[in-house]
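First up is the structure itself, then whatever we jot down about it.
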Amino acid sequence: MSEATPFDPVGFRRALGAFVTGVTVVTTIQADGTPRGFTANSFTSVSLDPPLVLVCIAKTASSYATFSQTTHFAVSVLAEDQKSVSGVFASKAADKFAQVAWQARATGAPVIEAAAASFDCTTHEVVDAGDHIILIGRVVDFLHTSATPLGYCRGAYVNFSLSQDALAAAGQRAQVGAILETPQGIVLLDTPEGLQLPRAARLEPASDAGSLQGMLAALGLTAHLDFLFAVFEGHSPGQPAQPQGAGVQIYYRGRASVSDPANDTAKHPAHLRLVPLDQIAASDVRDSAVRSMLQRYVKERSEDTFGIYIGDHEAGTVQPLALAH
C-alpha cells in the first residue's frame, strides 16, 4: 500500500475476519467479590515454558478498567453447543453469571462448565497496544475435554462437526459435490446435460476415482473444502426423479488451485470450465437446483454472509450461520 492510498479500516476488519478462531469467555473476580466476564475471540497461546496465553481487550470496552488491573483471570474455550453462552457474555446483561453454569478453580476466577477447554491464569503482564491492551496470563491450572470447539469466521459462528455429521446422516444415499472458487472462476464440468458442479458418490479418499476428492485430483485440481453450503433431498442432476428420490445431495464451498486450462490441456480435461462469478447467471447450467445454488453463492459471496440450504431439490430454507453479538 502506497502512502498516497488511504488505509481502509472496514476492509482491514473484513480481511482479519477471514482468520478462523475459537470463541472464548474471559472472566475474573472484581475487588468487591463479584464475577465479571466478556466474550472474546482474540485469544492465543504465547509460550509453553513458562505456560503463557494472551487475550486482547479494547480500551473502549466496559470491562477494560477491571481487566487492566486484575491480578488473575480465566479463559474458557466454548464448545460448539455453547453459542448461547457466547451471546450472554457478549451482551450488556447485568446477570450474566446467573444464566450459565460456572465454577471457580485455582485463582477463584470463574470457569464456564462444559467448555472445550479452560485456562486459569495469574496476570503475567499487561501490554499497551494501540486501541487495545494485551493481557498476558501465566497458566496455573487448565482443563480440556473431547467437546468440539465453537468456531468463528467472518462475523459468524462455525460448527466444525457439521459437515461430517451431514455425511454420516446421509449414509450410502449421499451425493457429494462442491462449489470451488479459483482466481479464474467457479469450477464447472461440461456434460451432455449442461454445466454441472463436480459431484461424486462419496467425499474421500483422493486415491479413489469414484470419490469427490479423487475426481478433483483427476481434473488436476488441488481443492480445499471449507464449509457446508447445502443439504437437500432429491434426484441427482441429469437423472430422472425416482419415487423415493436418489438420496441426499450435499454440497460444500471451498477453493481450488488450478493453472490455466487453455495452456495446459494435457493436465486439465477439455470438459473443465472456469466460469467467472459475474457470468454464472448467463452460463449453461440447466439443472434448477444447481443453478439456484450457484446464484445464492454469488449473492452471499458478494455480501460475505454465508448460510446453509436445507430442503429438497425444489424448495427449502437457507439457515444463516448464527451471527455473533
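The values are calculated or read from the model by the stated rules, or taken from the named source; none is laboratory data. Keep in mind that what you see is a predicted model, and the values were worked out from it rather than measured. Don't worry about glycine lacking a Cβ; one is built from the backbone with ideal geometry, like all the others, and counts go over all protein chains shown.
With respect to residue 244, determine if the residue is modelled with pLDDT of 85 or more and loosely packed, with under 15 Cβ neighbours inside 10 Å.
no
Is it fair to say residue 137 is assigned to a strand (DSSP E or B), in contact with a Lys or Arg (Cβ under 9 Å, 6 or more places away or on another chain) and at pLDDT 85 or above?
no
Go through segment 94-134 and give me each residue that's exposed (fewer than 14 other Cβ atoms within 10 Å of the Cβ), of a type in the set (Asp, Glu) and in a strand (DSSP E or B).
125, 128
So which residues in segment 11-63 are surrounded by fewer than 16 Cβ atoms within 10 Å (Cβ to Cβ) and among the aromatic types (Phe, Trp, Tyr), if there are any at all?
Hits for segment 11-63 are 12, 19.
Any residue in segment 313-323 that is surrounded by 14 or more Cβ atoms within 10 Å (Cβ to Cβ), modelled with pLDDT of 80 or more and either among the aromatic types (Phe, Trp, Tyr) or out of contact with any Gly (no Cβ under 8 Å at 6 or more places or on another chain) (or both)?
Scanning segment 313-323, I find no residue that is surrounded by 14 or more Cβ atoms within 10 Å (Cβ to Cβ), modelled with pLDDT of 80 or more and either among the aromatic types (Phe, Trp, Tyr) or out of contact with any Gly (no Cβ under 8 Å at 6 or more places or on another chain) (or both), so the answer is no.
Take segment 32-74 and flag every residue that is within 24 Å of residue 95 (Cβ to Cβ), of a type outside the set (Gly, Ala, Ser) and assigned to a loop (DSSP other than H, G, I, E, B).
32, 34, 41, 60, 70
Any idea which of 91, 146 is surrounded by fewer than 15 Cβ atoms within 10 Å (Cβ to Cβ), within 27 Å of the chain's Cα centre (by Cα) and more than 21 Å from residue 29 (Cβ to Cβ)?
146
Hey, residue 249 hits all of (1) in a strand (DSSP E or B); (2) within 19 Å of residue 174 (Cβ to Cβ); (3) at pLDDT 85 or above but one; which does it fall short on?
Just one mismatch for residue 249, condition (3).
Taking residue 228 as the residue in question, decide whether it is buried (at least 18 other Cβ atoms within 10 Å of the Cβ) and at pLDDT below 85.
Spelling it out, residue 228 is indeed buried (at least 18 other Cβ atoms within 10 Å of the Cβ) and at pLDDT below 85.
Quick one: would you say residue 238 is modelled with pLDDT under 85 and either over 26 Å from the mean Cα position of the chain (by Cα) or part of a strand (DSSP E or B) (or both)?
Here the answer is yes, as residue 238 does meet what is asked.
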